[in-house]
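A.B. asks: This structure is in structure tokens; I'll ask about it shortly.
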Amino acid sequence: MRRTRWIAGPEPRGADPVVIALTAFRLHRGAHLPRACLAGWRLSRLWPELEGAVGLWLWAEPGARRIGSVSVWRSEADLRAFVRLPAHVAIMRAYRGRGELVSATWTSGASDLWEEARSHGVEYSEPLG
């Protein structure tokens with residue numbers, strides 16, 4: 001698995017619990033992988049400006065045609081605002097039908113959010129990570 005460095009949002013981590021959203025997308029065809037990765041990377045450029053965003057990791061398992069993210073938010077309302085963002089909606093529409101998407105959302109005060117996200121896994125035959 002490959003992952004990006006931490007992409008910080010405008011909100012500090014702080015001591016309060018945060019909302020974590022784990023997404024995993026398995027493409028049906030490897031030919032779609034480069035463009036899907038690029039779309040996610042372009043969307044991540046918005047992170048430093050997104051209200052309520054604490055940070056983000058993007059990850060990929062190219063051999064398994066899997067990509068995804070672990071995003072960290074100040075609140076569930078901030079996460080919902082991101083999901084409605086036109087740039088996010090456009091990506092979701094563009095890749096609808098090109099793979100299988102699974103996600104999980106929870107609130108956490110853990111110090112190692114990446115490891116916690118890995119432990120949540122996703123609904124595939126092999127675990128995340």
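A.B. asks: State, as an integer percentage, the relative contact order of the chain based on alpha-carbon contacts under 8 Å between residues 6 or more apart.
C.D. replies: 36
A.B. asks: Would you be so kind as to identify which of 97, 67, 43 lies farthest towards the positive end of the dipole of the chain, taking Lys and Arg as +1 and Asp and Glu as -1 on Cβ and the Cα centre as origin?
C.D. replies: Toward the positive end, the furthest listed residue is 97.
A.B. asks: If you keep only loop residues by DSSP, which trypsin sites (Lys or Arg not before Pro) in the stretch 80-116 have at most 10 other Cβ atoms within 10 Å of their Cβ?
C.D. replies: Those satisfying the criteria are 84, 96.
A.B. asks: How long are the three semi-axes of the equivalent ellipsoid for the chain, computed from the Cα gyration tensor as the root of 5 times each eigenvalue, in whole Å, largest first?
C.D. replies: 23, 17, 12
A.B. asks: Taking GluC sites (Glu not before Pro) as exposed when DSSP calls them loop (any state but H, G, I, E, B) and at most 15 other Cβ atoms lie within 10 Å, what is the longest stretch of the chain free of them, the sites themselves excluded?
C.D. replies: So the longest stretch without any such site is 52-122.
A.B. asks: Which value, to two decimals, describes the C-alpha radius of gyration of the stretch 1-67 once divided by 2.2 N^0.38 Å?
C.D. replies: 1.23
Each value in this text was obtained by applying a stated rule to the coordinates, not by laboratory testing. Bear in mind the structure is a predicted one, so any value in this text is a computation, not a measurement. Cβ sites come from the backbone with ideal geometry, for glycine too, and all protein chains shown count toward neighbours.
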